[in-house]
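The values are calculated or read from the model by the stated rules, or taken from the named source; none is laboratory data. The shown structure was predicted, so the numbers you read here are calculated from the model rather than taken from an experiment. Neighbour counts are summed over all protein chains in view; Cβ atoms, including those assigned to glycine, are modelled from backbone coordinates with ideal geometry. When the accessible area is computed, the model is the full protein with side chains, heavy atoms only, and any ligands, DNA or RNA have been set aside. Shrake-Rupley method; radii C 1.70, N 1.55, O 1.52, S 1.80 Å.
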Amino acid sequence: MKHTKISTNFKDSRGSITDIVEQLNFNGATIISSKAGSVRGNHFHKQSVQHIYLLSGKMISRSKKVNEDLVEIELSKGDLISHDHNEAHMFEAIEDTTFIVLSSGLRTGSDYEKDTFRLNCPIDQFNGEHQ
């Protein structure tokens, strides 16, 4: 998991401009809201890459690649994380949270489930297998 704290690029009396990503090819953008205490994910994608930007709230992100240690980080407004293909990931909302997901691959619309492989074990035991 790659973590970046995004900062404002420009600010004046009208407001601000913040570039979230640059030079990124993606084919879907999704806004997700999660109630405090809810868990999302606990899966991986064989082909898709996801970039998640927190618009509001706080959540814990956990991710794991095969033969690597579990990575856990607390995210808040303005944080951007990226999950590579074959990287298991899950999110737990600490507060009511809203985030946008920019996906490269089969992750939107009717293709949503085509590249989603749910884990049959806790994420810290991920070894590349699914249900």
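With the condition kept exactly as written, say whether any residue in segment 38-48 is surrounded by 15 or more Cβ atoms within 10 Å (Cβ to Cβ) and in a loop (DSSP other than H, G, I, E, B).
Within segment 38-48 (the criterion being surrounded by 15 or more Cβ atoms within 10 Å (Cβ to Cβ) and in a loop (DSSP other than H, G, I, E, B)), the answer is yes, since at least one residue qualifies.
One residue alone among Lys5, Lys77, Lys11 is touching an Asp or Glu at 6+ places or on another chain (Cβ under 9 Å) and either among the charged types (D, E, K, R) or over 21 Å from Pro122 (Cα atoms) (or both), and that residue is Lys5. Exactly one residue out of Thr98, Thr18 is surrounded by fewer than 14 Cβ atoms within 10 Å (Cβ to Cβ) and of a type in the set (S, T, N, Q), and it is Thr18. Looking only at segment 49-63, residues that are open to solvent by 20 Å² or more (accessible area, probe 1.4 Å) and in contact (Cβ under 8 Å) with a residue 40 or more places away in the chain come to 6 in all.
Within segment 66-84, residues that are within 15 Å of Thr97 (Cα to Cα) and assigned to a loop (DSSP other than H, G, I, E, B) reach partners that are at pLDDT below 90 and aliphatic (A, V, I, L, M) with beta carbons closer than 6 Å, at six or more positions or on different chains, in the pairs Gly78/Ile6.
Each row is one residue, and each column tells you yes or no for (1) surrounded by fewer than 19 Cβ atoms within 10 Å (Cβ to Cβ); (2) closer than 19 Å to Val39 by Cα; (3) modelled with pLDDT under 90.
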| site | (1), (2), (3) |
| --- | --- |
| Glu68 | yes, no, no |
| Val71 | yes, yes, no |
| Glu74 | yes, yes, no |
| Glu87 | no, yes, no |
| Ala93 | no, yes, no |
| Ser103 | no, no, yes |
| Leu106 | no, no, yes |
| Ser110 | yes, no, yes |
| Glu113 | yes, yes, yes |
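Residues that are of a type in the set (D, E, K, R) and over 11 Å from the mean Cα position of the chain (by Cα) within segment 65-86 comprise Lys65, Glu68, Asp69, Glu72, Glu74, Lys77, listed in sequence order.
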